[in-house]
1. Let me have the relative contact order for the chain, percent, based on Cα pairs under 8 Å that are six or more residues apart.
2. Quick check on region 104-252: take the gyration tensor over C-alpha atoms, sort the square-rooted eigenvalues as a ≥ b ≥ c, and tell me if it's rounded (a/c under 1.5), prolate or oblate.
3. Using DSSP, restrict attention to beta bridges with both residues in the chain and report what percent are antiparallel, rounded to the nearest 5.
4. Here are a few candidate values for semi-axes √(5λ) of the Cα gyration tensor in Å: (i) 45, 28, 23; (ii) 30, 29, 22; (iii) 49, 27, 18. Which one was actually calculated from the structure I just gave you?
5. I'm checking a number: the convex hull volume of the Cα atoms of region 44-107, normalised per residue, in Å³. What is it?
6. Could you tell me the center-to-center distance, by alpha carbons, between region 390-450 and region 188-243 in angstrom?
7. Output the peptides 174-186, 421-433 sorted from most to least packed, where packing is the average of other Cβ atoms within 10 Å over each peptide's residues.
8. Quick check on packing: order 448-455, 233-240 by the mean number of other C-beta atoms within 10 Å, highest mean leading.
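Readers should treat all values here as calculations from the given coordinates under stated rules, not as data from a laboratory. All figures in this text were calculated on a predicted structure; none of them were measured in a lab. Every residue, glycine among them, receives a Cβ derived from its backbone with ideal geometry; neighbour counts consider all protein chains shown.
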Amino acid sequence: MSAPPTSSGQRLVSKQQLIDWIASGEKPKSDWRIGTEHEKFLFELGTHRALPYEGQKASVRGLLEGLTRFGWQPVLENGKPIALLKDKCSVTLEPGGQFELSGAPLETIHQTCDETNTHLRECATVAAELGLGLLGMGFAPEWKRADIHWMPKGRYKIMRDYMPKVGTMGLDMMLRTCTVQTNLDFSSEADMVQKFRVSLALQPIATALFADSPFLEGKPSGYMSYRSHTWTDTDPNRCGLIPFVFEEGMGYERYVDWMLDVPMYFVYRDGKYIDAAGRSFRKFMAEGLSDLTPDAATTGDWSDHITTAFPEVRLKKYLEMRGADGGPWKRLCALPALFVGLLYDQAALDEASALIKGWTIEEMLALRRDVTKQALKAKFRKGTVNDVAAEMVAIARRGLRARARFNRMGDADETVFLETLQETVESGDCPAEEKLRRYATEWHGSVAPLYDIYAY
């Protein structure tokens, strides 16, 4: 969900500082990079049970500590390892022990896949010794909330207490979901706005392409992406499609104004999380939070706060694409390939802008709702979501060809990473549908086989 927080930084005295903080992320095209994040479920081999943080053998802590042999440096909270750092990468824990790699900012998708390969190979080495496995899907296929162990992070205790006050599925989102996302740069405010609009409008299409969470507590849920469904009632103040992105006057300041009114979760002081759930960051800047801390708000507090909003695309000093279910290796590489192809070549970006031109907020909200259940078969205008997905993949392919970034052998450009998505649009079936078919036939109504078939 985020790297370890910080309370350091410049004291905040004006909104312009917050605008400048986002604008400081602007980079010339030559410096644009690709960041990829992906989460995995950890389970005990044989039993398929969710892992505790600590244990005799198969545990989340054991995997964290085992990875230090590969040069990862532990980050401690109250004396317990809760993250790892190495070479501009981090490994962090989601609330239910989901294991996340936040990758380094890289130049090509080839490098992203090398990074992913290395990470999964290291995890597999330690996991085999500990008797645990790793699974890429969007939602835990059979665990109930009560089956899952909370990780020892102060941030999550605050969120755990707050979530039920604002939605019915926030705890499911925290405990039982996994995603893959990509983080991409912009060169100017205008470039940010164009990329934000394109990626936000197309996020439901990505949800459909990557839909891979059809089960709830061991049975079909009626959804192709139950992960995406959980976000529809997590917290309306910080989640979903944010319509103002498509309004006249959208820019850094408009996003800052929204974030100032997103309720806070916490402030971080002296290594401790202080519960500020529901408080106003706007008031924190203007008046402080004297009953919680004598300290004024800082840019570090803003950096922390901006990670507590969860729209389908999130703006920080870069843009985060957040609509896809977790999945197997080939789709971990396909997501950054899709959005790099769409957003990093101007001709492709203009094509994608033309694709979404005229889409209404009502249509986009309906798309967001419908793809959770029907994925690529959802109706849209005179066709289906799969029709849009096919055009989206084709535009991305043209964008990647124009980038012309080849592998070390010089025999393949980045379009190779779109092949799994091309197969999906040609079949018209999302990954969840494959699992549902197998569940109904060869698996004889059980999800147990997927732990072996789809594990990393």
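1. 22 percent
2. The shape class here is oblate.
3. Roughly 95 percent of the DSSP beta bridges within the chain come out antiparallel.
4. (ii)
5. About 112 Å³ per residue, rounded to a whole number.
6. Each part reduced to its Cα centre gives a spacing of 18 Å.
7. Sorting 174-186, 421-433 by mean packing, highest first, produces 174-186, 421-433.
8. The peptides rank, most packed first, as 233-240, 448-455.
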